[in-house]
Amino acid sequence: MENEKMKIMIFGGTGYIGSFLAKASLLLGHPTFVYARPITPRTTPSKVELHKELQSMGATFVLGEVEEHEKIVSALREVDVVISALAYPQVFDQLKIIDAIKVAGNIKRFLPSEFGSEEDRITPLPPFNALLEKKRKIRRAVEAAGIPYTFVSTNCCGSYFVNYLLHPHEKGDDIVVYGSGEAKEDVAMYTIKVATDPRTCNRIVIYRPPENILSQLELISLWEKKTGRSFNRIHVSEEEIVKLSETLPPPNDIPVSILHSVFIKGQTVFELREDDMEASRLYPDYEYTTVDQLLDIFLVNPPKPAAAVF
Ligand SMILES: CCOC(=O)[C@H]1C[C@@H]1c1ccc(O)c(OC)c1
């Protein structure tokens with residue numbers, strides 16, 4: 001089947017990453033379906049707005065809970081590709097999606113909710129490793145089910161961590177630097193491309209656009225150049241971070257363990273192997289947004305803080 005005709009269903013399509021995926025799928029011309037919880041009086045106004053925005057862009061909503069097996073099976077029978085962007089607390093809900101894919105029998109590719117570190121190549125501090133262990137279990141369940149898959153290892157590609165580190169929406173002059181600050185993002189568009197590319201079937205794809213590999217200190221210096229401001233670098237040592245990962249009550253011990261992995265150990269920039277697939281090399285004609293361009297966007301439209309749920 002030609003790529004542009006592939007129908008894509010996104011679970012978690014009204015979440016942070018999921019909404020970018022749904023928009024990228026629509027922009028790339030795929031009939032796009034979003035499986036999402038029904039709107040209730042408790043649904044936030046921003047979520048209601050997002051439903052309307054995606055529908056106006058052409059998305060078809062299938063409203064239900066992940067527990068509704070029959071509903072999911074019949075919805076899957078209308079599509080070709082399934083992408084999960086469920087948040088980390090729902091990682092094991094993906095086992096229900098896997099069961100429905102096995103029953104439906106027609107799905108040509110499944111991308112579980114990854115969008116972070118390459119869990120089969122790193123061993124971070126225990127709290128983060130416990131989260132990655134759950135994601136490893138989902139990978140093994142997909143492989144055991146014989147479902148055609150692509151696992152996307154996006155690491156810190158995308159604006160999330162640039163926003164996290166620089167917090168451009170806030171006006172203060174302090175920027176926290178984790179460790180020495182020396183350890184060195186278009187996630188959605190790449191993800192839709194890899195989800196419908198025969199070359200990436202049953203492969204891991206790593207996202208590492210070469211121009212976007214910067215250390216914290218390089219990023220802060222670039223931001224100072226752009227803003228004409230100078231920032232106080234508040235250094236937090238590795239010892240302090242490790243201590244917090246050991247003493248903070250769960251789940252607050254997870255973010256600090258991720259910071260340790262990403263900013264201090266540089267575990268999102270592991271050595272690529274000869275046969276590794278890297279997104280920007282797979283699609284050389286796709287002009288990804290460089291960090292330099294992203295900071296120009298931050299100058300005029302600083303994103304609000306995004307905070308994952310653990
Ligand atoms: C320090 C704050 O981190 C986060 O908010 C979550 C979104 C970050 C995340 C979660 C899971 C990951 O695998 C990952 O790899 C870099 C990153």
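The values are calculated or read from the model by the stated rules, or taken from the named source; none is laboratory data. On a predicted model such as this, the values are computed, not experimentally measured, just so you know. Glycine gets a Cβ as well: all are built from the backbone with ideal geometry, and neighbour counts include every protein chain shown. All accessible areas refer to the heavy atoms of the entire protein, side chains included, with ligands and DNA or RNA removed. Shrake-Rupley method; radii C 1.70, N 1.55, O 1.52, S 1.80 Å.
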Inset, instruction - Quick one: give the max-minus-min coordinate of the C-alpha atoms of segment 28-100 along each principal axis, largest first, in Å. - result: 32, 30, 21
Legend entry - Rh (Kirkwood; distinct C-alpha pairs) - the chain, Å: 20.3
Legend entry - Extension reserve of the Leu282-Lys226 stretch, reckoned as 0.36 nm per residue once the Cα distance is removed: 17.1 nm
Legend entry - Cβ charges +1 (Lys, Arg) and -1 (Asp, Glu), total dipole of segment 70-144, debye: 120
Legend entry - With every protein chain in place, the chain: carbon and sulfur % of accessible area (1.4 Å): 55
Legend entry - Label-point gap, in nm, between Ala130 and Glu78 - each point 7 angstrom along Cα→Cβ: 4.0
Legend entry - Dipole magnitude of the chain about its Cα centre (Cβ charges: Lys, Arg +1; Asp, Glu -1), debye to nearest 20: 740
Legend entry - Evaluated over segment 210-269, the Cα radius of gyration and Dmax, each in Å: 13.9, 39
Inset, instruction - Calculate the length of the line joining the C-alpha centroid of segment 135-198 to that of segment 254-310, in whole Å. - result: 6
Inset, instruction - May I ask for the percentage of alpha-carbon pairs in segment 1-152 that lie more than 18 Å from each other? - result: 57
Legend entry - Residues with amide H under 5 Å from that of Thr60, placed H, sequence gap 5 or more: Thr32, Phe33, Val34
Legend entry - Å² per residue, accessible surface of the chain at 1.4 Å: 47
Inset, instruction - Could you grab the relative contact order for segment 7-123? Cα pairs under 8 Å, six or more apart, rounded to a whole percent. - result: 29
Legend entry - In segment 204-253, trypsin sites (Lys or Arg not before Pro) in a DSSP loop with at most 15 other beta-carbon atoms within 10 Å: Arg229
Legend entry - Share of alpha-carbon pairs per 10 Å distance bin for segment 195-310, given as whole %: 10, 28, 36, 22, 3
Inset, instruction - Once you have the Cα-Cα distance between Val269 and His235, take 0.36 nm times their residue separation minus that, and quote the gain in nm to one decimal. - result: 10.1 nm
Inset, instruction - Pull up the cross-link candidates among the lysines for Lys243, meaning alpha carbon to alpha carbon under 30 Å and not fewer than 8 places away within one chain. - result: Lys134, Lys135, Lys137, Lys171, Lys184, Lys265, Lys304
